[in-house]
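First up is the structure itself, then whatever we jot down about it.
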Amino acid sequence: MRILLKNVRVPLTGNTTSEAVIIIEDGVISGISKTAPPLQGFDEIIDGGGGIAVPGAIDIHAHIYDPDYTHHEDFATGSIAAAFGGITTFYDMPLRLYVDSIERLKLKIEAGLKDSFINFSIIAGMMNEANLSSAKSLRSEGVKAFKLFTCKPFRPKYDSTLTDVIAKINSLNGLTMIHAEDDSLIDYLTQKFMSEGRHDPLAHHETRPAEGEAAAIRKVAAIAEYLDARIHIVHVSSAEGAEEVRASKCRGAKITAETCPHYLFFTKKDVEKWGNYLKMNPSLKTKEDVDSLWLALSDGTIDAVTSDHAPSPRDGKERDVWEAWGGIPGLETMFPLVFTYGVKKLGLLTLRRYVEVSSINPA
């Protein structure tokens, strides 16, 4: 099927655009031109009304709980939400079901092929001592990225395994995606607040301070620098965390990073109103952190925006803070929010930079 999209503008540099027509053949863009070709031979002609045409967004961090936890989300509902939010490809990040064997990978792929309305890929993990030996076979099946935690409940048993995982994945020309927060600090603060009898929603956020994120990023970045390995820091939530990424890049490390809309729009003060509905890991920080993350996204320190989509039924949130589900949805709202506020209303990102963080860099 051949489709002609005419009367649109495409991004160039900064905020500049150019008039264009776009030719789509069998669902793939085959040409972009300033002048329209003869209209004969097209199955459909769409008039864009002078609007801006941007590439479909790619979300490299979304938790689709299919096939094991579908009362939270499945490939059908998740992909529909993503499509409405302008996302044409998402990467399923493991959570409940570890993707650490060929059998489990095939379970995920089968569920996605059956029900997803958009393109998808699967990230392996969570990597640890018990499953690191499976990395080679998973890589041979096309898995490109592997998830690693520095904190509970998914971290390896031994600290040395962090190095083992980064080294192994690098040897396979893969990418280690790292949830970086300091485990010992979280443990200490959690026990402290629980012993003090705290059950307010803000208690959770205060167990995961910016200093813990920065310390963990510094640690894995040092390992990656020594090994000359590629790593990707997921959901950077603080100014201190972004600064560690910036410093590592300045030293020539092969490090990339992402942030999420909740860290660009919410602060700890919003927890006073929304309670556990804003419980997620890492935690929310301050207005100063929000401002710093927008700057880091704009100047290239942070490479991408991802949803870290992890929805829950209402009853998962309306519990004691220590038992409530940690995670919020984001597939449908992420890029409309970032474009509307980041580009159009606040001017924090140029149109070109929006295309980079939503599509070019994730690809």
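The values are calculated or read from the model by the stated rules, or taken from the named source; none is laboratory data. None of the values given here were measured: they were computed from a predicted structure. In this analysis, Cβ positions are derived from the backbone assuming ideal geometry, glycine residues included, and neighbour counts consider all displayed protein chains.
Could you list, ordered by first residue, the pairs with Cβ atoms under 6 Å in which the first is in segment 43-58 and surrounded by 11 or more Cβ atoms within 10 Å (Cβ to Cβ) and the second is in a loop (DSSP other than H, G, I, E, B), at least 6 apart or interchain?
The qualifying pairs are Ala57/Gly86; Ile58/Pro362; Ile58/Ala363.
Tell me, which residue of segment 151-208 that is assigned to a loop (DSSP other than H, G, I, E, B) and of a type in the set (A, V, I, L, M) is surrounded by the fewest Cβ atoms within 10 Å (Cβ to Cβ)?
Among residues in segment 151-208 that are assigned to a loop (DSSP other than H, G, I, E, B) and of a type in the set (A, V, I, L, M), the one surrounded by the fewest Cβ atoms within 10 Å (Cβ to Cβ) is Leu172.
Table: residues versus (1) modelled with pLDDT under 95; (2) within 18 Å of Ala145 (Cβ to Cβ); (3) of a type in the set (Asp, Glu).
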| site | (1), (2), (3) |
| --- | --- |
| Ala57 | no, yes, no |
| His61 | no, yes, no |
| Asp68 | yes, no, yes |
| Phe75 | no, no, no |
| Ile80 | no, no, no |
| Asp100 | no, yes, yes |
| Lys106 | no, yes, no |
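Could you check, for segment 6-20, whether at least one of its residues is under 20 Å from Gly85 (Cα atoms) and out of contact with any strand residue (DSSP E or B) (no Cβ under 7 Å at 6 or more places or on another chain)?
no
Inspect segment 70-77 for any residue being more than 28 Å from Ala304 (Cβ to Cβ) and crowded, with 18+ Cβ neighbours inside 10 Å and give the result as yes or no.
no
When residues of segment 308-363 are filtered for being among the acidic types (Asp, Glu) and over 16 Å from the mean Cα position of the chain (by Cα), how many remain?
Residues meeting the conditions: 4.
Restricted to segment 63-87, and to residues that are in a loop (DSSP other than H, G, I, E, B) and of a type in the set (Ser, Thr, Tyr), which residue is farthest from His179 (Cα to Cα)?
This residue is Thr70.
Can you tell me how many residues within segment 214-265 are in a helix (DSSP H, G or I), among the β-branched types (Val, Ile, Thr) and either in contact with a Lys or Arg (Cβ under 6 Å, 6 or more places away or on another chain) or under 22 Å from Asp308 (Cβ atoms) (or both)?
Residues meeting the conditions: 3.
Starting from segment 166-184, take each residue that is in contact (Cβ under 8 Å) with a residue 12 or more places away in the chain and list its partners that are polar (S, T, N, Q) and assigned to a strand (DSSP E or B), counting only C-beta distances under 8 angstrom and pairs at least six apart or across chains.
From segment 166-184, the pairs are Ile166/Thr176; Ile169/Thr176; Asn170/Thr176.
Restricting to segment 192-223, name every residue that is among the polar types (S, T, N, Q) and either within 23 Å of the chain's Cα centre (by Cα) or closer than 27 Å to Ala257 by Cβ (or both).
Once the filter is applied, which keeps residues that are among the polar types (S, T, N, Q) and either within 23 Å of the chain's Cα centre (by Cα) or closer than 27 Å to Ala257 by Cβ (or both), segment 192-223 yields only Thr207.
Consider only pairs whose beta carbons are under 7 Å apart and that are at least six residues apart or on different chains; among these, list those whose first residue lies in segment 88-112 and is in a strand (DSSP E or B) and whose second residue is among the charged types (D, E, K, R) and buried (at least 17 other Cβ atoms within 10 Å of the Cβ).
Once the first residue is in a strand (DSSP E or B) and sits in segment 88-112, its partners that are among the charged types (D, E, K, R) and buried (at least 17 other Cβ atoms within 10 Å of the Cβ) give Phe90/Asp59; Tyr91/Asp59; Asp92/Lys108; Val99/Lys108.
Which one is farthest from His309 (Cα to Cα) among residues in segment 272-282 that are in contact with a helix residue (DSSP H, G or I) (Cβ under 7 Å, 6 or more places away or on another chain) and not in a loop (DSSP other than H, G, I, E, B)?
So, considering only residues that are in contact with a helix residue (DSSP H, G or I) (Cβ under 7 Å, 6 or more places away or on another chain) and not in a loop (DSSP other than H, G, I, E, B), the one farthest from His309 (Cα to Cα) is Gly275.
Would you check which residues across segment 113-123 are closer than 13 Å to Tyr65 by Cα, in contact with a helix residue (DSSP H, G or I) (Cβ under 9 Å, 6 or more places away or on another chain) and in contact (Cβ under 8 Å) with a residue 40 or more places away in the chain and list them?
Answer for segment 113-123, where residues must be closer than 13 Å to Tyr65 by Cα, in contact with a helix residue (DSSP H, G or I) (Cβ under 9 Å, 6 or more places away or on another chain) and in contact (Cβ under 8 Å) with a residue 40 or more places away in the chain: Asp115, Ser116.
Considering Arg208, Arg251, Arg218, Arg230, which residue is within 27 Å of Asp320 (Cβ to Cβ), among the basic types (Lys, Arg) and at pLDDT 95 or above? Outline the logic, then answer.
On the way: Arg251 fails: within 27 Å of Asp320 (Cβ to Cβ); Arg218 fails: within 27 Å of Asp320 (Cβ to Cβ); Arg230 fails: within 27 Å of Asp320 (Cβ to Cβ).
After ruling out the rest, the residue left standing is Arg208.
Based on this model, can you work out whether Thr176 counts as within 24 Å of Glu129 (Cα to Cα) and polar (S, T, N, Q)?
yes
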